[in-house]
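Here's the structure, in structure tokens; my notes come after.
The values are calculated or read from the model by the stated rules, or taken from the named source; none is laboratory data. Here the structure is a predicted model, which is why all the values come from computation and not from measurement. Virtual Cβ from ideal backbone geometry, glycine too; neighbours counted across all protein chains shown.
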Amino acid sequence: MLNHIVLMGRLTRDPELRRTQSGIPVASFRIAVDRDFQSQGGERQADFIDIVAWRNTAEFVTKYFSKGRMAVVSGRLQMRDWNDKEGNRRTSAEVVADNIYFGDSKRDGDSQGQGGYNRSYSDAPAGGYGSGSYGGQTSYGSQTSYGGQSSYSAPADSGFSELNDDDGDLPF
């Protein structure tokens with residue numbers, strides 16, 4: 001069985017860091033994820049999805065993310081049953097984050113930032129998915145993200161040049 005979900009959206013509030021009775025950090029926040037289609041009135045709609053991150057991932061998201069930042073969350077969907085104040089049985093869905101990545105550069109998400117450096121954190125065991133390391137993914141040049149796809153333009157002093165898109169000489 002497979003339970004894996006990847007979401008990209010903006011934080012609706014700053015992450016809230018708490019600790020369990022045994023001292024394990026846990027962060028909770030919500031992201032707004034745009035739907036792929038527009039309503040009949042032409043307006044885009046969004047889903048608001050609760051995210052829970054544990055241990056180092058919780059500390060990472062609390063330290064580096066704030067309201068309005070774009071986040072890419074990879075994890076698993078979890079259903080939770082609970083009782084409200086009136087004693088009624090309730091069910092809620094949340095995503096337990098395994099990996100959290102920046103979905104925008106510091107420059108795009110924060111007008112005061114210097115931009116350019118993307119990091120992610122994973123609590124996955126060593127050798128497993130995500131390798132459990134605090135990896136540095138560096139973005140160069142002007143990198144824009146739309147719908148999970150990115151485009152790259154080399155810096156002016158990089159020595160690279162644009163290729164001609166003329167496919168007329170190809171045999172296929």
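Only residues that are more than 15 Å from D98 (Cα to Cα) and in contact with a strand residue (DSSP E or B) (Cβ under 6 Å, 6 or more places away or on another chain): list them for the stretch 40-61, please. Matches in the stretch 40-61: R44, Q45, A46, D47, F48, I49.
Whether a residue is among the acidic types (D, E), surrounded by 14 or more Cβ atoms within 10 Å (Cβ to Cβ) and at pLDDT below 95 was assessed, and D104 passes this test. Looking only at residues in the stretch 58-79 that are out of contact with any His (no Cβ under 8 Å at 6 or more places or on another chain) and under 20 Å from L2 (Cβ atoms), the one that is surrounded by the fewest Cβ atoms within 10 Å (Cβ to Cβ) is M79.
Across the stretch 6-53, the qualifying residues are those that are aromatic (F, W, Y) and within 19 Å of the chain's Cα centre (by Cα), and the one among them that is surrounded by the fewest Cβ atoms within 10 Å (Cβ to Cβ) is F48. Here N3 meets the list (1) within 20 Å of the chain's Cα centre (by Cα); (2) touching a residue at least 12 places away in the same chain (Cβ under 8 Å); (3) in a strand (DSSP E or B) almost entirely, failing just condition (3).
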